[in-house]
Amino acid sequence: MSSLKYFEPASNEPCLCGSNKKFKNCCKKTYLKSKKIGTVLFNAGKYYEALKITRNHITWYRLAHLSHTEGFYKENPSAAKELMNLDIEALSELIGLLMNCYEYCGINHEFPNVLKSIENAIRHKNWRIKADYHNCAYLFLCQGQDEKAKLIADKYQWNDLKNSDFLTLYIDLYKNDLNQVELIGAANKVVDITSSPAEKLQYSCMAGIQYCLLNDLKKGSKIILEAIHKYEQLPDKDKSQYGRIRLADAYTHIGLLTDNYDLLNKAKEKILKEINNKEYSEAGLGQLHHQLGECFLGTNELSKAEDSFLKSLSVDKRGITEIFLARALTANNKHNESRILLSNIDIQKLSKANIFDLAISLCRLALNTKDNEDINLALDKIKTIQTNDPMFINYVKELTIELYELKSSVKSVIKAETALGKFNRYVQLKPNLMGVGVDFNAIIEDFISK
């Protein structure tokens, strides 16, 4: 304790947590007394309490690093290497949690103070990479400033990154610029370098999904099933809360990909267990209920799907959930309710990916009602979609043509519905489909001219 106090900043100097407050007015009297864990408080929805505790923890960790690791590393870098790596990873995890706290407390505009504070928190080249990572994460995830984030990330290549946090962020940031082969390579590298069983599961599934998008459903499904099996074989102590969520996702994905009710029922079981364990905030519960609704849609349990989506909306009103609720209503022949719901969705608040989901729901409605107004509205949305994924190219082309044929005839409805069913499964697995790709307006024009 005394060694930590030796390294404390002066009372009027900025606090080490990055709050931009004086040390005496922030963590000075509390960083040694804090016993609670920020992640537990955050997951319980106690964001302000989590913010305070995490600030205390960061201050304590920085002082502990200065007091112990830094001097040891200067004397014997080889012997202190593992301890230095531990400090870098641990402090980075705390910074990531703090960013989430700032976001959920509605003060993320203040987070740049933290970023400035941590620039030289650890004097090691790997910490410089971590600092770049956190700057990118803030710009990309909190501010939506992709191009500014890329100005930092552009100095790196995905195959040169040795840090799984940065590599996973890199994949998200450049996902529209990387082709399937590159995405598979990047995902496999995450699996190789991460120590997290949850990340190994998540990115193995990502690689599997990319194979599916390349029209290799057999190989993609095998990869996902193997990843599930490996995770299921782990002892319970190695299965984190995040990992349990990723496992439920994996069962959901493979169940929808293969129309396998047993796998979807397994996904439901996993999701319901998470819903009942009382560890989630309202927003987290809303997302779990949404996923449960998708599983019920996949097993054609339409009333249960409606109920799950409504429960999700009761705690976390999101446009994407309304879009999926409309699909359940359409499938249950509640066409007018679905039409009203879709027409009232604020498109301005949707991401590009969610606008695409909206187009799919409009197509479902049109195929069910065979109403010209519904068909025209669906076509207006679906024909704007661009993608360079082989599987999507085939399905969007087929779906667009079938909708045009439906305007003049009902002879191909079954074919169109089959295409839509296959297409829709993959929509849920790769939410962002936009980017430079096939121009479907040209496809439509070619069809009309024939």
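The values are calculated or read from the model by the stated rules, or taken from the named source; none is laboratory data. Everything numeric in this text was worked out from a predicted model, so none of it was measured. Counting neighbours? That spans all protein chains shown, and the Cβs are built from the backbone with ideal geometry, glycine included. Surface accessibility is based on the protein's heavy atoms, side chains included, excluding ligands, DNA and RNA. Shrake-Rupley method; radii C 1.70, N 1.55, O 1.52, S 1.80 Å.
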| request: Provide Rg over Rh for the chain; use the alpha carbon set for both Rg and the Kirkwood Rh (inverse mean inverse pair distance). | output: 1.02
| Principal-axis tilt of helix 77-104 within the chain, Cα atoms, nearest 10 degrees | 60 degrees
| query | With +1 on each Lys and Arg Cβ and -1 on each Asp and Glu Cβ, how big is the dipole of segment 121-164 about its Cα centre, in debye rounded to the nearest 20? | reply | 300 debye
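Using 0.36 nm per residue of separation minus the Cα-Cα distance, give me the extension gain between ILE193 and CYS142 in nm, one decimal. Before the final figure, lay out the partial values.
Numbers: separation 51, 0.36 × 51 = 18.36 nm, distance 2.61 nm.
Contour length minus the Cα-Cα distance gives 15.8 nm.
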| task | Report, ordered by chain and residue number, the lysines lying within cross-link reach of LYS29, taken as a straight Cα distance under 19 Å and ignoring same-chain residues fewer than 8 apart. | result | LYS5, LYS21, LYS52
| remark: Compactness summary of segment 1-118: radius of gyration and Dmax from Cα atoms, Å, are 14.4, 44
| said: From the protein chains alone at 1.4 Å, what is the descending order of accessible area for TYR395, TYR203, largest first? | reply: TYR395, TYR203
| query | Between rounded, prolate and oblate, where does segment 178-218 land on the alpha carbon gyration tensor, with a ≥ b ≥ c its root eigenvalues, rounded for a/c under 1.5, else prolate if a/b exceeds b/c? | reply | oblate
| query | Suppose every K and R has +1 on its Cβ and every D and E has -1 on its Cβ; what is the size of the dipole of the chain about the Cα centre, in Debye to the nearest 20? | reply | 1360 debye
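Can you tell me how segment 258-326 classifies by the Cα gyration tensor, rounded, prolate or oblate, using a/c under 1.5 as the rounded cut?
The shape class here is oblate.
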| message | Show me the ranking of peptides 304-312, 79-87, 230-238 by mean Cβ neighbours inside 10 Å, starting with the highest. | response | 304-312, 79-87, 230-238
| field | Where N is the number of residues in segment 131-261, Cα Rg divided by 2.2 N^0.38 Å | value | 1.10
| Nearest-0.05 FRET efficiency for ASN76 and ASN176, computed from C-beta distance (R0 41 Å) | 0.35
| Ranked by accessible surface with a 1.4 Å probe, highest first, in what order do ARG327, ARG244 come? | ARG244, ARG327
| task | Round to the nearest 10 and give me the degree value, 0 to 90, for the angle of helix 372-382's Cα axis relative to the longest principal axis of the chain. | result | 40 degrees
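State the extension gain, in nm to one decimal, for the chain segment bounded by GLU373 and ASN394, taking 0.36 nm per residue of separation less the distance between their alpha-carbons.
Working: separation 21, 0.36 × 21 = 7.56 nm, distance 2.51 nm.
Extending this stretch completely gives an extra 5.0 nm.
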| said: What lysines does LYS200 reach when the alpha-carbon gap must be under 19 Å and sequence neighbours fewer than 8 apart in one chain are set aside? | reply: LYS162, LYS175, LYS189, LYS219, LYS222, LYS230, LYS237, LYS239, LYS270, LYS430
| said: Checking the cross-link filter: which aspartates and glutamates have an alpha carbon closer than 13 Å to that of LYS349, excluding same-chain neighbours under 8 positions apart? | reply: GLU322
| query | What is the spin-label model distance, in nm, from HIS68 to ASP259 if the labels are put 7 Å beyond Cα along the C-beta direction? | reply | 5.8 nm
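Assign one of three labels to segment 72-164, namely rounded, prolate or oblate, based on the Cα gyration tensor with a ≥ b ≥ c the square roots of its eigenvalues; rounded applies when a/c is under 1.5, prolate when it is not and a/b is larger than b/c, and oblate otherwise. Don't skip to the answer; put the middle values down first.
Details: a/c = 2.49, a/b = 1.52, b/c = 1.64.
Since a/c reaches 1.5 but b/c is at least a/b, the shape of segment 72-164 is classed as oblate.
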| request: Distance from a point 7 Å along Cα→Cβ of SER240 to each backbone N in segment 27-64: keep the residues under 14 Å and list them by number. | output: 38-40, 43
| message | I'd like the accessible area for HIS253: 1.4 Å probe, protein heavy atoms, all chains in place, Å² to the nearest 10. | response | 40 Å²
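Give the relative contact order (percent, whole number) for the chain; include only Cα pairs under 8 Å separated by 6+ residues.
Working: 567 pairs, mean separation 36.9, N = 450.
The normalised contact order for the chain reaches 8 percent.
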| field | Estimated distance in nm for a label pair at LYS150 and ASN276, the labels positioned 7 Å out from Cα along Cα-to-Cβ | value | 4.7 nm
| Euclidean distance between Cα centres, segment 90-128 to segment 1-52, Å | 13 Å
| task | Express the C-alpha Rg of segment 148-225 as a ratio against the empirical globular expectation 2.2 N^0.38 Å, rounded to two decimals. | result | 1.09
| query | Between ALA149, LEU292, LEU178, whose Cα lies farthest towards the positive end of the dipole of the chain when Lys and Arg beta carbons carry +1 and Asp and Glu beta carbons carry -1, centred on the Cα centre? | reply | ALA149
| query | Which one of THR168, ALA187, ILE224 has its Cα pushed farthest toward the positive end of the charge dipole of segment 126-228, where Lys and Arg give +1 and Asp and Glu give -1 at the Cβ? | reply | ILE224
| query | How far, in degrees from 0 to 90, does helix 352-369 lean away from the longest principal axis of the Cα atoms of the chain, to the nearest 10? | reply | 30 degrees
